[in-house]
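Any read-out appearing in this document is the output of simple, stated calculations on the displayed coordinates, not a laboratory observation. The structure presented is a predicted model; accordingly, all values stated were derived computationally and were not measured. Cβ: placed from backbone, ideal geometry, glycine included. Neighbour counts: every protein chain shown.
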Amino acid sequence: MLSLSDREKRIPGEGRSKPLSAVEAGKKVYIVAVDSGQGLKGRLAAMGLVPGVPVDVILNAPRGPFIVAVKGSRVMLGRGMAGKIIVV
Amino acid sequence: MGSKIVVALAGNPNSGKTTIFNNLTGARQHVGNYPGVTVERKEGYVRHDGREILFVDLPGTYSLTAYSAEELVARNFIVDEKPDVVVDIIDSSNLERNLYLAVQLMETRVPLILAFNMSDEARARGYEFDLEKFSRFFNAPVVRTVGHKGEGMEELIEQIIAVASPGGDPGEGPSVNYGDELEEEIGRIVSLLSDDPLLTQKYGARWLAVKLLENDRDVLEKVSSEAVRARLTKSASHIEGILGEHPETVIASRRYGFISGACQEAVHSTVEVLHTISDRIDSVVTSRVLGIPIFLGFMYLVFYLTFTLGDPPMGWIEGFFKWLGDNVGVLWPEGSESLLKSLLIDGIIGGVGGVIVFLPNILLLFFAIAILEDSGYMARAAFIMDRLMHRIGLHGKSFIPMLIGFGCSVPAIMATRMLENRRDRLVTMLVVPLMSCGARLPIYALIIPAFFPQAWNAPMLWIIYVIGILLAVVSAKILRSTIFKGESVPFVMELPPYRLPTVRGVLTHMWQRGWLYLKKAGTIILGISIILWALTTFPGLPEEQVQRFEEEKQTVETIVTDEETKKEKIASIENAMTEASLEDSIAGRIGHALEPVLKPMGFDWKIGTALIGAFAAKEVFVAQLGIVYSVGKEADEESSPLRDQLRANYTPLVAFCIMLFCLVSAPCMATIAVTRRESNSWRWALFQLSGLTVMAWILTVVVFQAGRLFGIGI
């Protein structure tokens, strides 16, 4: 786990924020913001997806929804939703 | 002593809450492994040391906000009805996320007990908990439980009694510190709220203030003070200005902060937690290439098993009812056939027997669905289907109600509550009846082996189900691009880890559903069988017609001398007589009246009569056909099975059309009623009824006419 995030830090440009949907499977990222309406924010918060939280991308199939690990549980997100979660 | 204790069971979906509810109360109720299965408030009593404890099983929720119907139900029960104790069932192998609800429960200031469930699984994953520390953090006793083994139930009940007894009130406990900025705003709102003592006394000023800052619409409606509303807008922009986030997000983050603080102190992890096996399975099962083939493969397997394993026990049940009918028939001496005999043998034993025969099929189907649910595969199926569902404008979650629809449309329509968007909900509700329900299985199980070769039995059944799915997809797409235009809600759903289903769990679920089916056979279908029997028996042939048939028989008796020919002639006259009396009956008349509509589909009035029964409940179609054909057969001949009768009267093409029509057409009365209740309008219920029936008619006409034209299955 630690070695992975260390390696990520060394890759240039990796520290810039991007949507979660652009993160490859196997990467660990941190949520910085959720760019959506109040309702969705609340739902995401209830599932543990709040700013500051580390998220492991488990599966990211092209054009499909994908799976992330957050706080010990697996959550599937639709692509639209994943695009609204900003991570570093 | 002696007073009733009201206990609410709260918890995340997949936390094993329903299993614990069943353990505590002995109530039998369904448990699934995908989110959102418990949508209704369930209650159960238990007596312990002379005290009565009422358990209320709240819907599984992640949070106590007002975003979904389930969360609102759970929360309103807790804050409005104020149970004596709330037990929060926590999946302790997934602690942090589960504690989010616990924090919110703690904030409502209800007497709380935390049940660390699945503690065996947590231990296996290397977690060790300091329960005493947790108990201090949350100001609530903590009990270790293992729901599926029934461990910890005694202790839980003892704690409930201790917490509920007077003097057991632990008083003001700790609360989450939301940070200086937010606490300042909370303080301001609390002081403004004190103008409304009625409200603050009921809910607590701090809880209200936090909820208001969370932008909770339901709570906001309760607050009438303009000053508070004005302050809220100011607070929100103030917080956003300083912290760069909505208060709501800050509040959620601080709660998680509180939880991770607690966990850091009270949890020791000896092994790195990994869902390795689950992930490895998921990378295959949910992959883009293999996901859908695997899903379809599982479905095929389910239907294959339902058909092949169900066959022998069906034979036994069939044999039993035949034996029963014969033995009851003996009670009436030859020549004294009365209406009562006909009612008992043809109406009741024939009708109910014809339905119970399919119990093995139904049980096997439910058995397979229970395995898929309890193992965790159902949630993956929803995930796999999200790609497809999204393309037709639905939510991946819509697939869960549709899967339940294979069992029964009624719980499936109720399960649409898990969809937050009303448009998604209504569309799903309207197309759910196209998922071929368990009650339609008897129709296929009757017809398929009668008309198609053995090797084609399972594929045929599979084809019917797939047609239903495709039609549901197409209808949803049409509805979504016409009546229900608009964006669909993004997809978020928890994937529970794969679990080996327990034998007890699977059998319990199978039996619960099978029992519902039997109950239906015993009550509704029994009643309908009797009504339908009456419809096919009365008014009976007019006296002069009976006389004419009798005279014909007399003539044959006297003129024909050869014994063989005489028997044959009399039999054919009797046959014509029953035929005529059936045509003359109420059901026959309705069937005849419908004939102009039925004919283009290749149906005769007998099928029309059975279809009338199918509207009451789909499986009645079989019972009704049984009655129609036993009425039409020669009275003293050995009764030949219904399948032979059908084979003699219809072509495989018509048989297929019957199945197609039954698949698509008018859902049963119960479905219409539940759609009415869940959509809260007769409009949608009637729209569903008429839309599906018209679609069924058009499709069946097209298939029948095309089949006849090309000479397929004639």
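Kirkwood hydrodynamic radius of region B:197-272 from all distinct Cα pairs, in Å? Present the calculation step by step, with values, prior to reporting the outcome.
On the way: mean 1/r = 0.0695 Å⁻¹.
The answer is 14.4 Å.
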Distribution of pairwise C-alpha distances over the protein assembly as shown, 20 Å bins, in %: 14, 41, 28, 13, 3, 0
Placed amide H near B:HIS48: partners under 5 Å, 5+ positions off or other chain: B:ILE53
R0 of 35 Å, Cβ-Cβ distance A:VAL88-B:THR233: FRET efficiency to nearest 0.05: 0.65
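Would you calculate, for chain B, the mean residue ellipticity at 222 nm contributed by helices, counting each DSSP H stretch of 4 or more residues as -39,500 (n - 2.57) and dividing by all residues, to the nearest 500? It would help to have the intermediate numbers written out before the result.
Working: 34 runs with 454 residues, N = 714.
The helix contribution divided over chain B gives -20500 deg cm²/dmol.
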Ratio Rg/Rh, restricted to chain B and using Cα atoms, in which Rh is the Kirkwood radius: 1.07
Solution diffusion estimate, µm²/s, Stokes-Einstein, region B:672-713, Kirkwood Rh from C-alpha pairs, 20 °C, viscosity 1.002 mPa s: 181 µm²/s
Extreme residue, positive dipole direction of the protein assembly as shown, given options A:LEU77, B:LEU131, B:SER338 (C-beta unit charges): A:LEU77
For chain B: relative contact order, % (alpha-carbon pairs under 8 angstrom, 6 or more apart): 11 percent
P(r) weight above 20 Å for region B:84-172, C-alpha pairs, percent: 30 percent
Farthest toward positive dipole pole in region B:38-189 [+1 Lys/Arg, -1 Asp/Glu at C-beta], among B:PRO59, B:HIS48, B:PRO141: B:HIS48
Rounded to 10°, Cα long-axis angle of helix B:586-598 versus longest principal axis of chain B: 80 degrees
